[in-house]
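The values are calculated or read from the model by the stated rules, or taken from the named source; none is laboratory data. Computed from a predicted structure; not experimentally measured. Please note: Cβ atoms are built from the backbone with ideal geometry, for glycine as well, and neighbour counts cover all protein chains shown.
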Amino acid sequence: MQEETVQPGEAAPAEKPLEQQLAEAQATIAQQKDAMLRALADSENARKRFQADAANAQKYALERFAESLLPVMDSLQAALQSKDLSGVELTLRQFQTALEKANIRAIDPKPGERFDPHRHQAMAAVEAAQDPNTVVTVMQKGYGLHERVLRPALVTVAKQPADPISDKDLD
């Protein structure tokens, strides 16, 4: 085994004093803490910005639709003032165009069409000379937005005719 001895004139390996190492470690900790606080502040600001954007998107989601209805309102007011029915027909066409631009479509089943409980609401079942569970009449159109039903069509549905009671059934 070999012993190393340090002579008083020789320099020790380059070690920093403990006070300097502590100061450097504390400076590094302060920098990391500052970076962490800045990152937290940035994420909090982004969260607040996203919440504000979502609130505005929800608040003004119908803006384009509402803008397309304003000419309809103007036409209705003008038609009421002039008492001209042709103006009302024009207004109805404008309104239908505005609904179509907003992807709102009429649910208007034709007589004989199969009853769809997801798109139609049966208001009555009547005996009719057509297949059971088919639409006989439409009482009120329904409307849908894309694939979602806003209001089902109110319909009368055909039911199977009841068999008349005969004397044979009584025996």
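Couple of notes before you dig in:
- Test: residue in segment 101-114 that is in a helix (DSSP H, G or I) and either free of Cβ contacts under 8 Å to residues at least 12 places away in the same chain or under 30 Å from A158 (Cβ atoms) (or both): no
- Residue in segment 128-139 that is among the aliphatic types (A, V, I, L, M) and in contact with a helix residue (DSSP H, G or I) (Cβ under 6 Å, 6 or more places away or on another chain) present: no
- A single entry from A124, A78 fulfils the requirement of being under 15 Å from A153 (Cα atoms) and of a type in the set (A, V, I, L, M, F, W, C): A124.
- Residue among T97, T156, T91 that is part of a helix (DSSP H, G or I), crowded, with 16+ Cβ neighbours inside 10 Å, at negative phi and polar (S, T, N, Q): T91
- Exclusive hit being of a type in the set (G, A, S), under 30 Å from E147 (Cβ atoms), surrounded by fewer than 12 Cβ atoms within 10 Å (Cβ to Cβ) and within 40 Å of the chain's Cα centre (by Cα), set A57, A46, A106: A57
- Selected residue (criterion: farthest from T91 (Cα to Cα)) from residues of segment 43-69 that are among the hydrophobic types (A, V, I, L, M, F, W, C), in a helix (DSSP H, G or I) and out of contact with any helix residue (DSSP H, G or I) (no Cβ under 9 Å at 6 or more places or on another chain): A46
- Segment 62-99: number of residues that are under 22 Å from G144 (Cβ atoms) and in contact with a Gly (Cβ under 6 Å, 6 or more places away or on another chain): 0
- Residues of segment 147-171 that are out of contact with any Gly (no Cβ under 8 Å at 6 or more places or on another chain) and either of a type in the set (D, E, K, R) or modelled with pLDDT of 85 or more (or both): E147, R148, V155, T156, V157, A158, K159, D163, D167, K168, D169, D171.
Residue-by-condition table, conditions (1) aromatic (F, W, Y); (2) farther than 17 Å from N103 by Cα; (3) out of contact with any strand residue (DSSP E or B) (no Cβ under 6 Å at 6 or more places or on another chain); (4) touching a residue at least 12 places away in the same chain (Cβ under 8 Å):
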| site | (1), (2), (3), (4) |
| --- | --- |
| D53 | no, yes, yes, no |
| R64 | no, no, yes, yes |
| S68 | no, no, yes, yes |
| M73 | no, yes, yes, no |
| L76 | no, yes, yes, yes |
